[in-house]
1. Scan region 479-506 residue by residue and report those that are more than 23 Å from Thr629 (Cβ to Cβ) and aromatic (Phe, Trp, Tyr).
2. Consider Pro215 carefully, then state whether it is surrounded by fewer than 21 Cβ atoms within 10 Å (Cβ to Cβ), of a type outside the set (Val, Ile, Thr), over 20 Å from the mean Cα position of the chain (by Cα) and not in a helix (DSSP H, G or I).
3. Taking helices (runs of 4 or more DSSP H) that do not extend beyond region 414-520, which have at least 1 residues that are at pLDDT below 85 and acidic (Asp, Glu)?
4. Restricting region 564-582 to residues that are acidic (Asp, Glu) and either assigned to a helix (DSSP H, G or I) or surrounded by fewer than 13 Cβ atoms within 10 Å (Cβ to Cβ) (or both), which is nearest to the chain's Cα centre (by Cα)?
5. Can you spot a residue in region 173-184 that is closer than 23 Å to Gly493 by Cα and either part of a helix (DSSP H, G or I) or assigned by TED's automatic domain parsing to the domain that holds Val86 (or both)?
6. Of the numbered conditions (1) modelled with pLDDT under 90; (2) more than 20 Å from Gly82 (Cα to Cα); (3) not small (Gly, Ala, Ser), Gln527 fails exactly one; give the number of that condition.
7. Can you run down the residue pairs with Cβ atoms below 6 Å, 6 or more apart or on separate chains, where the first is in region 227-238 and modelled with pLDDT under 90 and the partner is basic (Lys, Arg) and part of a helix (DSSP H, G or I)?
8. Identify the residue in region 112-164 that is within 23 Å of Leu18 (Cβ to Cβ) and either outside the structural domain of Glu291 (by TED's automatic domain parsing) or not in a helix (DSSP H, G or I) (or both) and, among all such residues, is farthest from the chain's Cα centre (by Cα).
Amino acid sequence: MIEHAKQRFEELKASGLLPSPKGVALAVLELTQSNDVSIQNLTHLVQTDPAMSGRVLKYANAAHGGSLRHIASLAHAIVFLGIFRVRQIALGFSLIDHYRSGACAAFDYTGYWTASLATGITAQHVARQAQCPPDETFTCGLLSGVGRLALATAFPLEYGELLERGLPEPALRAAETERFGVDHAGLSSDLLEDWGLPEIFHQAVRYQELPGEAPFPAGSRVQALTAALHLSARVGQLLNLDHAQRWEQVPALYHAAAQLGLEAHELPPLVEQVVKEWQDWGRELRLPTREFSDIRTLLSSQPQEGEMAALVVLPMRVALVAHSAQLLRTLADTLDAMGLRVSLAADRDGAQRLLRDTPTDLMMVEIPREPGRGVELLRDLRATEHGRQAYCIALVPPDQEAEVARLMLAGASDYLLTDFSEAALLARLNAAQRVVALQGAVRAERESTIRGSGEWARSNRRLMQEALTDPLTQVANRRYGLDRFRQEWSFAGHNGTPLTCMMLDVDHFKKVNDSYGHEVGDQVLAQVAAVIERVCRRNDVVFRYGGEEFCLVCPHTGPTEARLLGERLLEAVRKELFGKAGQRFHITMSIGLTEMDKGMAQVEALIQRADRALYAAKAGGRDRLVAWTTDLPA
């Protein structure tokens, strides 16, 4: 099936119908395909597009997270990001600029890009859970749904007909395959592969809509990235919906977060931060974004005491707003006799205070006779915290019934004439009760999902941690370490940046086990790992290679800087006391260091060189660092 889709992709690519970067972005992609591209040439090229230059600068300053001083130079920004990542950023922003509209009338181009932007920003924030570089993950998230845009671009009329049918996702993908020979998820994956994104990204994109069907091993990085993209797309969808539709998406959002190991209390602040950056980038890219003052309320996982029971069954909590004293008194007495809990307000200010502070199921609001005042009043009350969710019955003077349509548009759920009969009042209250009870059931289901997601999230987090971490030392295990090593290797090869590797080994470790026992030996290894992690820099990759041997990968680091780091590690181990209380002792460590050469084909060759240098350090007396040279014994 996938092979047939690949063949179909090649046919579509050859047709020239698929979306592709234009202008400077296309030139950047072509330039960076060369292995000998220079930072200077790339900087000159990007400078020819002021908008692209500004976005690269903005992205570089956002990416370093405030850990460095502000980057003001485009050349510095490109050095900081690296050639490969600048290539990806140019690709993503170029597609936004050149595919803001198109011939597919049923495809919401603006909505697609605003949701994609939120997806990319969320993916960048959850990249740590997926053990992937945040800046690359941004581009992956931004373009993870590009197959939809591709189908709308290549087949505007036919794809428009499919979209107008309103098919759910699985049925839509089946219809796409039947009509075009490929679905949007597979097309997204193939495009990302064709544009040169790492394999782990286009693999995850193929399955991110249905992560449960992904054929990836549990705990693997590609499985974690698939879950991260699934959650990110959920956030992107949430931010592109109106309030009522957003409410329905919340349980699925918590479910997706739990799959990634995020607990319920971690989701609201994450989405709030995404919204802030989404609006900021929206202004930069001229994409419309919505205001979300109620996002924490929407995502709150802690209902108020007794809220569930009160929402599910009568008596309802009623806010009665009436400027007519007679109407206020009559309705209050009637509702109270029915067993409803009634709070009163006589004017707009009092009603706003009431709805700000008091949970409310039903609002009953007397509409002023002055033209337009009723619409204003309803909008003001709907803007309050509890007025937003409440069922609203507008109390309309008989001679103002012609205004009902406008009142309904302003937020009224139903209306009742002020000269109402008891039968009319009961009919309105029964209708309100059914809606409120239904809302309560939805809220109960949502809260149950959110609460249940917590333990599942913790379980998934533990599984991911166990799959990626050495249980004894709590640094990365060999499988994950080599995976990251290969990724940094690929990045260095594409960008021409230096990469060094060190192999570190505890000296005379057998004597530690023989003298103090294996339990103390295990404790020493964990303590050594902690010292190594403390001394290393944020971007260094430390993992346990085996036994008492650790591997340290240093991206963007030449041999001189790596040697200084190695000497700091040796000194830190010399100064530390190891073992358990009452039996503290000193140990030393030996280090072998080597640098990546352009002609090297694999990570394993670099590790072999570092091992030879480590052997030389041991043979030379231990407690020292030796750098690999060609004359070291094999």
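The values are calculated or read from the model by the stated rules, or taken from the named source; none is laboratory data. These numbers were taken from a predicted model, which means no experiment stands behind them. Cβ atoms come from the backbone with ideal geometry, glycine included; neighbour counts cover every protein chain shown.
1. Listed by number, the residues that qualify are Tyr480, Phe491.
2. Values: surrounded by fewer than 21 Cβ atoms within 10 Å (Cβ to Cβ): yes; of a type outside the set (Val, Ile, Thr): yes; over 20 Å from the mean Cα position of the chain (by Cα): yes; not in a helix (DSSP H, G or I): yes.
Spelling it out, Pro215 is indeed surrounded by fewer than 21 Cβ atoms within 10 Å (Cβ to Cβ), of a type outside the set (Val, Ile, Thr), over 20 Å from the mean Cα position of the chain (by Cα) and not in a helix (DSSP H, G or I).
3. Values: elements: 422-468, 478-495, 509-516.
Of the helices (runs of 4 or more DSSP H) lying wholly inside region 414-520, those with at least 1 residues that are at pLDDT below 85 and acidic (Asp, Glu) span 422-468, 478-495.
4. Glu567
5. Going residue by residue through region 173-184, those that are closer than 23 Å to Gly493 by Cα are none.
Within region 173-184, none of the residues are closer than 23 Å to Gly493 by Cα and either part of a helix (DSSP H, G or I) or assigned by TED's automatic domain parsing to the domain that holds Val86 (or both).
6. All conditions pass for Gln527, except number (1).
7. Close Cβ pairs satisfying both conditions: Leu238/Arg246.
8. Phe155
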